[in-house]
Ligand SMILES: [Zn+2]
């Protein structure tokens, strides 16, 4: 450890004397992890959120946790569930050291071997007999999901040399990232505690080429890493990945991505999150385990160049793009529907959903979605619409949902920022009552969802008052009051 501390006080000197790979050649994986730990510690030691800024939330236990399932494998796996080669780790270390300042870089696996690192000829797969019945069903669901939502074709293996081998004999949920050109059967482990769809769709996304969302270079603009809340020896799990290996394809950062860590992943104390969202209203959306989001799906569509499957040109609205499996229609961000994503998405029942006009009056909205009957997953979708250039204010009075990290079970979601593609503000915990949410645009898609139990929310909505700021300019004895519209 001593020598590494020295290395990081004088990195440039050491590198000028000998290449990093020479220093690290003798090292094993754990020394690389220690190296990354020091890099992360150096970068973030003076940053982060103080604990008195935190309002403790009584979260319920999550129904599945990759970190818990992989606890024994913590010293082998990278970022909790990724199998990496020492060569890959060396490149991450090397790039982290070379990085200077806050250069914005380009989260999919895009190294020099691309497109060798993707499954251009489709994905042959084998479900190993070691898998439990529930894991098998969940893997099939994940395969169907990624097959339908992208242009990636899956097929049971016949005689292909390279294929995904889903195994369940050992502990843990893990995968490598992208197609490993060196291996024949590439293992994806779906062991005990991993059969949740949020987990299987996540591990399969790794195998198809996705890294974790918070590995993105630009993550510091969206999430804050609080290193004082993570055991020091585990800090390597919070390294960023260089643009030699990773590209975001200019898609927006999605705090609600199924590829994003939960706030308390690797945290010492579950009351104090290791990761906090820069926009505080997004904190509850982090740690989604429901399944892949619009942005997750869009990322793999771009990574596999699915747009090339369609000759049609469509003007998809609101950030939608052409569905490569149905070229005459668009794939839409959540809350939007219709062929061109210019309509309110369809609700589960004709008794809810639609457009709500927002005016100067303060109006109250109460919605309760009950769990009864055969349908489990119930969405009611509304668009709150204000006159052009006006903003909408939502004042939350009461929330009765399932309070879990990620708010992905029984929840409301308000999309209030300019980019309508990522997951919006989610409300599932009663600690969130009193929130005042203000939109950027004049349309707020709102999704009310019940999947396990009754969900209920009460809030007020109105136009945000056009405030007049008085800017005081002083010169001699005169005061000029300039009215500025906010
Ligand atoms: Zn993962």
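For the stretch 166-206, give me the residue count where each residue is modelled with pLDDT of 95 or more and over 21 Å from the mean Cα position of the chain (by Cα).
Total satisfying the criteria: 1.
Could you tell me which of the residues 291, 319 is surrounded by fewer than 21 Cβ atoms within 10 Å (Cβ to Cβ), within 16 Å of the ligand (Cβ to nearest atom) and under 21 Å from residue 151 (Cβ atoms)? I'd like the intermediate steps shown before the answer.
Values: 319 fails: within 16 Å of the ligand (Cβ to nearest atom).
After ruling out the rest, the residue left standing is 291.
Determine which single condition residue 224 fails, assuming it passes every other condition in (1) in contact with a strand residue (DSSP E or B) (Cβ under 6 Å, 6 or more places away or on another chain); (2) within 16 Å of the ligand (Cβ to nearest atom).
Going through the list (1) in contact with a strand residue (DSSP E or B) (Cβ under 6 Å, 6 or more places away or on another chain); (2) within 16 Å of the ligand (Cβ to nearest atom), residue 224 breaks only (2).
Just to check your reading of the model, which residue among 417, 444, 423, 438 is modelled with pLDDT of 90 or more and out of contact with any strand residue (DSSP E or B) (no Cβ under 8 Å at 6 or more places or on another chain)? Before you say what the answer is, go through the steps one by one.
On the way: 444 fails: out of contact with any strand residue (DSSP E or B) (no Cβ under 8 Å at 6 or more places or on another chain); 423 fails: out of contact with any strand residue (DSSP E or B) (no Cβ under 8 Å at 6 or more places or on another chain); 438 fails: out of contact with any strand residue (DSSP E or B) (no Cβ under 8 Å at 6 or more places or on another chain).
Selected residue: 417, the only one of 417, 444, 423, 438 that is modelled with pLDDT of 90 or more and out of contact with any strand residue (DSSP E or B) (no Cβ under 8 Å at 6 or more places or on another chain).
Are there any pairs with C-beta distances below 7 angstrom linking a residue in the stretch 44-73 that is under 30 Å from residue 192 (Cα atoms) to a residue that is surrounded by fewer than 17 Cβ atoms within 10 Å (Cβ to Cβ) and at pLDDT 80 or above, with the two at least 6 apart or on different chains, and if so which?
57/431; 69/192
Have a look at 244, 296 and point out the one that is more than 26 Å from residue 419 (Cβ to Cβ) and touching a helix residue (DSSP H, G or I) at 6+ places or on another chain (Cβ under 7 Å).
Details: 296 fails: more than 26 Å from residue 419 (Cβ to Cβ).
None of the others qualify; the one that does is 244.
Mind checking which residues of the stretch 142-155 are exposed (fewer than 15 other Cβ atoms within 10 Å of the Cβ) and not in a loop (DSSP other than H, G, I, E, B)?
Going residue by residue through the stretch 142-155, those that are exposed (fewer than 15 other Cβ atoms within 10 Å of the Cβ) are 144, 148, 153, 155.
Hits for the stretch 142-155 are 144, 148, 155.
May I ask you to verify whether residue 211 is within 16 Å of the ligand (Cβ to nearest atom) and touching a helix residue (DSSP H, G or I) at 6+ places or on another chain (Cβ under 7 Å)? Working first, answer last.
On the way: within 16 Å of the ligand (Cβ to nearest atom): yes; touching a helix residue (DSSP H, G or I) at 6+ places or on another chain (Cβ under 7 Å): no.
Considered against the rule, which asks whether it is within 16 Å of the ligand (Cβ to nearest atom) and touching a helix residue (DSSP H, G or I) at 6+ places or on another chain (Cβ under 7 Å), residue 211 comes out as no.
Has the stretch 247-267 got at least one residue that is assigned to a strand (DSSP E or B) and closer than 23 Å to residue 74 by Cα?
At the first step, the residues of the stretch 247-267 found to be assigned to a strand (DSSP E or B) are 247.
Among the residues that remain, those that are also closer than 23 Å to residue 74 by Cα are: none.
Looking through the stretch 247-267, none of the residues is assigned to a strand (DSSP E or B) and closer than 23 Å to residue 74 by Cα.
Among the residues of the stretch 163-183, write down those that are away from the ligand (no atom under 15 Å from the Cβ) and farther than 25 Å from residue 133 by Cα.
Filtering the stretch 163-183 down to residues away from the ligand (no atom under 15 Å from the Cβ) leaves 163-171, 179-183.
Hits for the stretch 163-183 are 179, 180, 181, 182, 183.
Of the numbered conditions (1) crowded, with 20+ Cβ neighbours inside 10 Å; (2) more than 23 Å from residue 221 (Cα to Cα), residue 326 fails exactly one; give the number of that condition.
The single condition residue 326 does not satisfy is (1).
For residue 434, indicate whether it is in a loop (DSSP other than H, G, I, E, B) and over 21 Å from residue 63 (Cα atoms). Quick ask: steps written out before the conclusion?
Numbers: in a loop (DSSP other than H, G, I, E, B): yes; over 21 Å from residue 63 (Cα atoms): yes.
When the stated conditions are applied, residue 434 passes them.
The values are calculated or read from the model by the stated rules, or taken from the named source; none is laboratory data. These numbers were taken from a predicted model, which means no experiment stands behind them. Cβ sites come from the backbone with ideal geometry, for glycine too, and all protein chains shown count toward neighbours.
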